[in-house]
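The block underneath contains the structure these notes are about, expressed in structure tokens.
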Amino acid sequence: MKRINLAYLLPNFFTALSAFFGVMAIIASSQQKFEKAFIYIVLSLIADGLDGRVARMTNTTSKFGVEFDSLADLVAFGVAPAMMLFFAAGHEFGRFGALVSGLYVVFGAIRLARFNVTTGELDPRYFIGLPIPTAAVVLSSWIMLDLKYEGGVSLLLEIGALFLAFLMVSNFRYPSFKKIDFNKSVALKVLVGIILVASLIYLFPIEAIAGILTIYTFYGFVRGILNYSKAIKKSN
């Protein structure tokens, strides 16, 4: 009888944990417990980050793990934030609100499928299109800001969700940070930066997360538009 290598189970455990937190976020949203839903989505992000790193560290990457990860991501970062959006704001707009949540999930699925089929073919320093975990945390943090400050910007949230959905399937490039080589000359600066970011998140968790990831989101978009404009000028 073939023995099972327990090392292969560890990354899949974190993947399962990510999917589980995603389902918990959906349930919390349906109960109008949006702060809990946001926390569960962030926990899903952490678990999702751990599964890939553990797999690479233990050299236990597998085709099953890749497919399982994509399915878990669709639940945790596609369906969960879409349901959070619908229960928090989308239900006010009837079928339009349902359509926006549905399109967000569909475009997220397209983003995941494209990532799977292009892995290894593209520059590993960049993502093509906004990563779905980033889109999920950005959207859920926007919702939390609206609820916290009673902004009453439900329509803007719907438009924002459509914008994030578009960015996921766009060709705009986003830094991946996975292949960055932090040499000694910049290591101290990076450490100081991490401490400052962690301090901001500690003091103002929702505002800091929303601000940092929103900047990242618009960075890729603005950079892509500027590059496109330069290309048009050169061609003329």
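The values are calculated or read from the model by the stated rules, or taken from the named source; none is laboratory data. From a predicted model like this one, the values you see are computed outputs, not experimental measurements. Heads up, the Cβs are rebuilt from the backbone with ideal geometry, glycines too, and the neighbour counts pull from every protein chain shown. Quick note on the areas: whole protein, heavy atoms, side chains included, nothing else; ligands and nucleic acids left out. Shrake-Rupley method; radii C 1.70, N 1.55, O 1.52, S 1.80 Å.
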*In the range 129-174, which residues are without any contact (Cβ under 8 Å) to a residue 24 or more places away in the chain and part of a loop (DSSP other than H, G, I, E, B)?*
Glu150, Gly151, Gly152, Val153
*Would you be able to say whether some residue in the range 41-50 is assigned to a helix (DSSP H, G or I), modelled with pLDDT of 95 or more and among the small types (Gly, Ala, Ser)?*
yes
*the range 33-70, residues that are surrounded by fewer than 17 Cβ atoms within 10 Å (Cβ to Cβ) and of a type in the set (D, E, K, R)*: Lys33, Glu35, Lys36, Arg53, Arg56, Lys63, Glu67
_Selection within the range 81-122 - open to solvent by less than 40 Å² (accessible area, probe 1.4 Å), closer than 26 Å to Tyr174 by Cα and either of a type in the set (Lys, Arg) or in contact with a Ser or Thr (Cβ under 7 Å, 6 or more places away or on another chain) (or both)_ = Pro81, Ala82, Met84, Leu85, Arg111, Leu112
*Conditions: (1) at pLDDT 95 or above; (2) open to solvent by less than 10 Å² (accessible area, probe 1.4 Å); (3) under 25 Å from Leu226 (Cα atoms). Ser141 meets all but one. Number of the miss?*
(3)
*asked:* When you check Val222 against the structure, is it open to solvent by less than 50 Å² (accessible area, probe 1.4 Å), at pLDDT below 95 and out of contact with any Asp or Glu (no Cβ under 8 Å at 6 or more places or on another chain), yes or no?
replied: no
